[in-house]
2 protein chains.
Amino acid sequence: MPAAARPNTKPPAVSHEAAPRAAATPAKRRAGRPATAVLDQAVITSAALRLIGKSGYDGLTMAALARSLDVAPSALYNHVASKRDVLVLVEDHLAALVDVSAFGAEPWDEAVRRWAWSYRDVFSKHTPLIPVIAVLPVTDAPQTLAMYEAVSQGLREAGFPEERIISSIVALESFIFGSAFDVTAPADIFDPGSMAESTPSFTAAVRSLADQGHEKPADVAFGLGLEALISGLGALRR
Amino acid sequence: MPAAARPNTKPPAVSHEAAPRAAATPAKRRAGRPATAVLDQAVITSAALRLIGKSGYDGLTMAALARSLDVAPSALYNHVASKRDVLVLVEDHLAALVDVSAFGAEPWDEAVRRWAWSYRDVFSKHTPLIPVIAVLPVTDAPQTLAMYEAVSQGLREAGFPEERIISSIVALESFIFGSAFDVTAPADIFDPGSMAESTPSFTAAVRSLADQGHEKPADVAFGLGLEALISGLGALRR
DNA sequence: CTTAATAAATGAATGGCATTCATTTAGTGG
DNA sequence: CCACTAAATGAATGCCATTCATTTATTAAG
């Protein structure tokens with residue numbers, strides 16, 4: 001190593017290389033740990049959400065995420081172990097947006113209704129998260145766990161027998177997740193096209209639904225199933 | 001082109017190059033269209049199913065699929081336009097395995113029950129297909145369409161009002177898809193771990209369920225939700 | 001019967017992806 | 001003061017789906 005002293009305070013304010021340019025391209029960061037940290041999990045989460053909003057889940061790549069944060073891709077791995085971790089961070093952020101405020105303030109069935117619609121609406125824009133959530137231990141997602149606590153408490157106070165509370169939540173949640181996919185389906189998904197003659201019952205039912213209402217089919221089906229679940233589950237309370 | 005006559009029947013049975021070796025490595029196919037086609041959609045579908053069975057959906061890559069068929073990856077694209085097409089072929093094959101035989105032979109509620117359990121069981125081993133199915137036009141999946149026809153007819157004969165048949169099927173199917181994910185979740189997914197003190201209602205409910213039954217939690221929740229849906233939907237028949 | 005068009009294969013790219021690793025620099029605890 | 005750890009860069013790695021030029025065989029047209 002050459003004897004030249006390493007400056008122990010700061011390097012000369014102005015290098016002979018480039019004067020601090022106007023904010024356009026704010027001067028590339030050089031290698032090594034920066035004076036103040038650029039990344040943390042919160043910063044990564046909100047950048048991921050912004051990116052998803054702009055480019056969808058196809059656009060959410062580690063490279064794109066890094067670029068949006070003006071950072072090298074490998075830098076992300078100091079704060080998350082994998083891309084799946086990023087998805088978990090996003091999921092837990094969204095769980096906090098689900099409305100559980102009616103539990104304790106409204107009758108249980110109305111509280112479930114509001115929670116379920118809100119839950120579906122939030123995640124219908126984030127269906128790629130559902131395969132992740134569905135197998136995610138609650139320990140790894142504190143906001144999600146908080147949501148479960150609110151719902152559990154609501155059902156207990158409504159007189160649901162203890163041993164049926166989790167099963168009821170799981171049943172409702174399964175319906176909600178499945179319905180979230182449904183929201184994203186194209187409008188003409190059920191058009192039987194050239195196979196119409198060979199499927200008369202189905203074809204007639206599709207026509208009838210189309211003629212009937214102007215409400216969105218996914219909303220009709222969700223409302224129908226949710227009311228069925230609420231009354232069916234409610235019948236089993238003590 | 002040299003004047004040597006092209007044989008108009010068969011080429012000489014034995015080339016001077018290589019005698020037909022014992023079946024071990026059955027001699028590499030040379031470039032160009034083979035005398036009899038190696039691939040078609042049925043062959044690709046069953047190879048994909050075999051591969052999924054052995055290596056799961058992570059192992060289902062176009063390269064691995066090609067290798068299992070002893071073919072170059074690019075050859076697959078003469079028969080499918082994309083990997084998504086392969087998934088659609090698999091999906092439609094599985095739809096034919098779903099049991100709709102009880103429609104027309106049993107009371108409608110029992111028929112729905114058998115259909116729903118069968119549907120969930122088939123797709124719980126194939127959850128990566130669910131995001132594909134959920135937005136797949138029925139025209140692209142004839143077996144799936146046939147399943148819908150059977151269910152539609154069953155519900156019509158049971159007295160379901162025409163305009164509510166599709167919505168009822170969609171509601172049931174949403175519940176089934178969501179529940180299929182649930183089957184794949186780890187057993188301890190609800191263990192609140194260190195957060196137990198801050199989530200007393202939830203924690204107690206989890207304990208109670210665990211103490212209670214030895215039936216699989218996913219099955220209990222599915223049975224509970226399905227019965228609720230059946231009775232709720234049945235109440236709306238004419 | 002010849003010939004053009006089409007179908008089905010190979011093999012060599014291409015560009016994108018998540019992830020890893022060596023290296024550099026800055027803060028921190030003993 | 002010094003070792004250790006944290007947080008960044010930049011260069012690789014290996015895998016992936018897909019495309020393209022090319023070769024060979026079959027089929028349809030004239």
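Points to keep in mind about this one:
- Being of a type outside the set (A, V, I, L, M) and under 30 Å from residue B:144 (Cβ atoms) holds for only one residue in A:160, A:175, and it is A:175.
- Of note, residue B:15 does not satisfy the criterion of being among the polar types (S, T, N, Q) and either open to solvent by less than 50 Å² (accessible area, probe 1.4 Å) or modelled with pLDDT of 95 or more (or both).
- Test: residue B:85 is more than 10 Å from every other protein chain (Cβ to nearest Cβ), more than 16 Å from DNA strand C (Cβ to nearest atom) and within 30 Å of residue B:33 (Cβ to Cβ): no
- Being in contact (Cβ under 8 Å) with a residue 60 or more places away in the chain and either over 10 Å from the mean Cα position of the chain (by Cα) or surrounded by fewer than 23 Cβ atoms within 10 Å (Cβ to Cβ) (or both) holds for only one residue in B:142, B:128, and it is B:128.
- Near pairs, Cβ below 7 angstrom, 6+ apart or cross-chain, from the range B:106-121 (in contact (Cβ under 8 Å) with a residue 24 or more places away in the chain and closer than 16 Å to residue B:219 by Cβ) to any residue that is small (Gly, Ala, Ser) and crowded, with 23+ Cβ neighbours inside 10 Å: B:120/B:179; B:120/B:180
- Looking only at residues of the range B:34-76 that are within 15 Å of residue B:129 (Cα to Cα) and within 8 Å of DNA strand D (Cβ to nearest atom), we find that the one that is surrounded by the most Cβ atoms within 10 Å (Cβ to Cβ) is B:60.
- Looking only at residues of the range A:166-187 that are open to solvent by 20 Å² or more (accessible area, probe 1.4 Å) and more than 7 Å from chain B (Cβ to nearest Cβ), we find that the one that is nearest to the chain's Cα centre (by Cα) is A:183.
- Residues within the range A:152-163 that are within 7 Å of chain B (Cβ to nearest Cβ) and open to solvent by 50 Å² or more (accessible area, probe 1.4 Å), tallied: 4
- Qualifying residue in the range B:98-112 (condition: within 16 Å of DNA strand C (Cβ to nearest atom) and modelled with pLDDT of 95 or more): no
- From A:99, A:92, residue being within 15 Å of the chain's Cα centre (by Cα), within 30 Å of residue A:152 (Cα to Cα) and assigned to a helix (DSSP H, G or I): A:92
- Helices (runs of 4 or more DSSP H) fully within the range B:125-228 counting 3 or more residues that are more than 30 Å from residue A:207 (Cβ to Cβ) and either in contact with a helix residue (DSSP H, G or I) (Cβ under 7 Å, 6 or more places away or on another chain) or assigned by TED's automatic domain parsing to the domain that holds residue B:114 (or both): B:162-183, B:200-212
- Screening residue A:134 against (1) crowded, with 18+ Cβ neighbours inside 10 Å; (2) closer than 21 Å to residue B:120 by Cα; (3) within 7 Å of chain B (Cβ to nearest Cβ); (4) modelled with pLDDT of 95 or more leaves a single unmet condition, (4).
The values are calculated or read from the model by the stated rules, or taken from the named source; none is laboratory data. Remember, it's a predicted structure, so these values are computed and weren't measured experimentally. Cβ atoms come from the backbone with ideal geometry, glycine included; neighbour counts cover every protein chain shown. In case anyone asks, the SASA skips ligands and DNA or RNA and just uses the protein heavy atoms, side chains included. Shrake-Rupley method; radii C 1.70, N 1.55, O 1.52, S 1.80 Å.
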